[in-house]
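Data block below; observations after.
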């Protein structure tokens, strides 16, 4: 997969800023809304290729539904967002 460079991609920058600002795990839907992005899994993969460390975890909620949560662990080296 070819990935965009963080410095040249407003889409990746919005996603990274949303993860930073949250300071907690975000669901796929929350990340889509906050960053105005689609294909969250692809955006996460591109951010990882740019040096971000992002955990992804599936949780089962009390009502039995499943949700994916994304947590920013480390920003890419040199990132100033």
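Since every read-out is calculated from the coordinates, none of them should be taken as a lab result. As the structure is a computational prediction, the values presented were derived from the model and not from experiment. Here the Cβ is made from the backbone with ideal geometry for all residues, glycine too, and neighbour counts use every protein chain on show.
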Can you tell me which of (1) surrounded by 10 or more Cβ atoms within 10 Å (Cβ to Cβ); (2) in contact (Cβ under 8 Å) with a residue 12 or more places away in the chain; (3) at negative phi; (4) out of contact with any strand residue (DSSP E or B) (no Cβ under 9 Å at 6 or more places or on another chain) is the one residue 56 doesn't meet? (4)
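Listed here are the residues, each with its yes/no results for (1) surrounded by 11 or more Cβ atoms within 10 Å (Cβ to Cβ); (2) in contact with a strand residue (DSSP E or B) (Cβ under 9 Å, 6 or more places away or on another chain); (3) farther than 19 Å from residue 3 by Cβ; (4) in contact (Cβ under 8 Å) with a residue 12 or more places away in the chain.
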| site | (1), (2), (3), (4) |
| --- | --- |
| 25 | yes, yes, yes, yes |
| 34 | yes, yes, yes, yes |
| 37 | yes, no, no, yes |
| 48 | yes, yes, no, no |
| 52 | yes, yes, no, yes |
| 61 | no, yes, yes, no |
| 64 | no, no, yes, no |
What's the number of the only condition in (1) surrounded by 11 or more Cβ atoms within 10 Å (Cβ to Cβ); (2) in a strand (DSSP E or B) that residue 73 fails to meet? (1)
